[in-house]
1. Could you tell me whether any residue of region 68-78 is farther than 21 Å from ILE44 by Cα and near ligand 1 (Cβ under 9 Å from one of its atoms)?
2. Give me the pairs, please: first residue somewhere in region 89-107 and closer than 16 Å to ASP141 by Cβ, second residue anywhere and more than 7 Å from ligand 1 (Cβ to nearest atom) and open to solvent by 30 Å² or more (accessible area, probe 1.4 Å), beta-carbon distance under 8 Å, and either six or more positions apart or on two chains.
3. Has region 117-127 got at least one residue that is open to solvent by 20 Å² or more (accessible area, probe 1.4 Å) and more than 16 Å from ligand 1 (Cβ to nearest atom)?
4. Which of the residues belonging to region 110-124 are within 15 Å of ligand 2 (Cβ to nearest atom) and either part of a loop (DSSP other than H, G, I, E, B) or among the acidic types (Asp, Glu) (or both)?
5. From the list LYS136, LYS98, LYS110, which residue is of a type in the set (D, E, K, R) and touching a Leu at 6+ places or on another chain (Cβ under 7 Å)?
6. Going by what's in this entry, would LEU83 be described as buried (at least 20 other Cβ atoms within 10 Å of the Cβ), more than 12 Å from ligand 1 (Cβ to nearest atom) and under 24 Å from ALA175 (Cα atoms)?
7. Which numbered condition trips up LYS162, out of (1) more than 9 Å from ligand 1 (Cβ to nearest atom); (2) under 21 Å from LEU68 (Cβ atoms); (3) surrounded by 13 or more Cβ atoms within 10 Å (Cβ to Cβ); (4) not hydrophobic (A, V, I, L, M, F, W, C)?
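The values are calculated or read from the model by the stated rules, or taken from the named source; none is laboratory data. Since this is a predicted model, take the numbers as computed values, not measurements. Please note: Cβ atoms are built from the backbone with ideal geometry, for glycine as well, and neighbour counts cover all protein chains shown. All accessible areas refer to the heavy atoms of the entire protein, side chains included, with ligands and DNA or RNA removed. Shrake-Rupley method; radii C 1.70, N 1.55, O 1.52, S 1.80 Å.
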Amino acid sequence: MHLQVVKKKNSSPIKELEKSQLIINEASDIVRDLSHKLISSVLIKFGLKTALQGLCEKYSNDDLSFTLNTTTQIPRYEQDFELKIFNIIQESTNNIIKHSNASATSIYMKQIDTNLLITIEDNGVGFNAENTALKKGVGLDLIKTQIKNLNGHIQITSIENKGTSIEISVPVIIA
Ligand SMILES: Nc1ncnc2c1ncn2[C@@H]1O[C@H](COP(=O)(O)OP(=O)(O)OP(=O)(O)O)[C@@H](O)[C@H]1O
Ligand SMILES: [Mg+2]
């Protein structure tokens with residue numbers, strides 16, 4: 001619409017391009033919002049395993065693969081518990097996309113007795129997990145707080161140029 005106006009005489013291309021950019025930004029916000037809603041509705045309807053398979057498919061590309069490995073049956077849990085676990089894994093995968101430069105990510109998940117065990121591994125650049133002085137973000141701190149509130153444990157192991165592994169153990173909450 002605005003781009004067509006540019007073709008006409010006396011129009012200001014910069015102004016019309018700026019308007020087009022605004023519309024494109026708005027559209028991309030809507031798509032992102034819809035995509036979140038879709039994931040949440042899959043999570044609510046089908047549970048963690050299906051939602052995580054969707055996340056792996058969505059994030060995988062030619063440069064970086066995401067694989068989900070479940071070695072026990074993953075039943076349905078309380079909805080809020082499923083949502084918290086999903087968000088924790090999503091923040092970890094966002095970090096891998098943003099910071100790791102990895103080519104492969106594996107998410108392992110199993111339930112042993114009443115504990116859900118999750119490992120998120122990447123083969124990227126790694127980082128100094130102990131060095132709190134250099135930290136700018138809040139994502140990892142939020143994950144640690146969430147796990148603590150769920151009475152779980154988390155261990156982050158990262159080796160420079162080998163990758164990062166986040167191991168989580170959390171007591172399950174059944175509806
Ligand atoms: N998988 C990873 N590979 C390499 N570095 C990582 C990885 N995960 C986290 N980091 C490092 O740890 C830092 C802290 O991560 P955190 O999620 O707390 O913050 P952030 O991602 O920088 O910002 P935010 O999560 O608030 O948007 C990152 O800035 C990055 O340097
Ligand atoms: Mg982060």
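1. Taking region 68-78 as the starting set, the residues that turn out to be farther than 21 Å from ILE44 by Cα are 71.
Still in the running and near ligand 1 (Cβ under 9 Å from one of its atoms): none.
Taking every residue of region 68-78 in turn, none turns out to be farther than 21 Å from ILE44 by Cα and near ligand 1 (Cβ under 9 Å from one of its atoms).
2. GLU91/LEU142
3. Yes - at least one qualifying residue is present in region 117-127.
4. First, the residues of region 110-124 that are within 15 Å of ligand 2 (Cβ to nearest atom): 120, 122, 124.
Passing the criteria: ASP122, GLY124.
5. Working: LYS136 fails: touching a Leu at 6+ places or on another chain (Cβ under 7 Å); LYS98 fails: touching a Leu at 6+ places or on another chain (Cβ under 7 Å).
Step by step, each of LYS136, LYS98, LYS110 is checked, and only LYS110 is of a type in the set (D, E, K, R) and touching a Leu at 6+ places or on another chain (Cβ under 7 Å).
6. Details: buried (at least 20 other Cβ atoms within 10 Å of the Cβ): no; more than 12 Å from ligand 1 (Cβ to nearest atom): yes; under 24 Å from ALA175 (Cα atoms): yes.
Judged against the criteria, LEU83 is not a match.
7. Every condition holds for LYS162 apart from (2).
Residue by residue, here is whether (1) touching a Cys at 6+ places or on another chain (Cβ under 9 Å); (2) at pLDDT 95 or above; (3) open to solvent by 90 Å² or more (accessible area, probe 1.4 Å) holds:
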site	(1), (2), (3)
PRO13	no, no, no
ASN25	no, no, no
LYS37	no, no, yes
SER40	no, no, no
THR67	yes, yes, no
